[in-house]
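J.: Attaching a single structure in structure tokens format; questions to follow.
The values are calculated or read from the model by the stated rules, or taken from the named source; none is laboratory data. The structure displayed is predicted, hence computed values, not measured ones. Quick reminder, even Gly has a Cβ in these numbers, built from the backbone with ideal geometry, and neighbours come from all protein chains shown. Ligands, DNA and RNA are excluded from the accessible area calculation, which covers all protein heavy atoms including side chains. Shrake-Rupley method; radii C 1.70, N 1.55, O 1.52, S 1.80 Å.
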Amino acid sequence: QLIRHQGVSRKGIHIGNNCWIGAKVTLLDGVTIGDNCVIAAGAVVTKSVPADTVVGGVPAKVLKNYKKPIIKKSLQDLKSYQDIQFSFKKGLPVN
């Protein structure tokens with residue numbers, strides 16, 4: 001059977017939120033890019049990329065995994081920060 005009579009199947013490419021994709025990146029069909037990913041310039045992505053990773057190369061491989069640090073502040077820290085701001089606005093000395 002001729003190639004032109006065999007039909008075409010398309011899966012689509014899915015790109016998550018907050019992704020950085022470099023120049024001249026090639027994404028093959030059916031690839032899913034997770035949230036918060038960085039894809040280096042010129043990479044050829046042949047497989048799906050998990051979230052929070054940096055990938056690069058031909059074919060692309062994981063260069064680094066990272067997680068965004070979770071910052072926890074207590075209400076007391078927040079209150080002391082607001083007191084410092086208030087002191088600066090009023091021209092009072094900061095303790």
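J.: When the residues of the stretch 1-15 are filtered to those that are in a loop (DSSP other than H, G, I, E, B) and free of Cβ contacts under 8 Å to residues at least 12 places away in the same chain, which remaining residue is most open to solvent (accessible area, probe 1.4 Å)?
T.: The residue in question is GLN1.
J.: Consider only pairs whose beta carbons are under 7 Å apart and that are at least six residues apart or on different chains; among these, list those whose first residue lies in the stretch 16-29 and is farther than 13 Å from SER48 by Cα and open to solvent by 60 Å² or more (accessible area, probe 1.4 Å) and whose second residue is in a loop (DSSP other than H, G, I, E, B) and charged (D, E, K, R).
T.: Sorted first by the residue in the stretch 16-29, then by its partner, the pairs are ASN17/ASP35; ASN18/ASP35.
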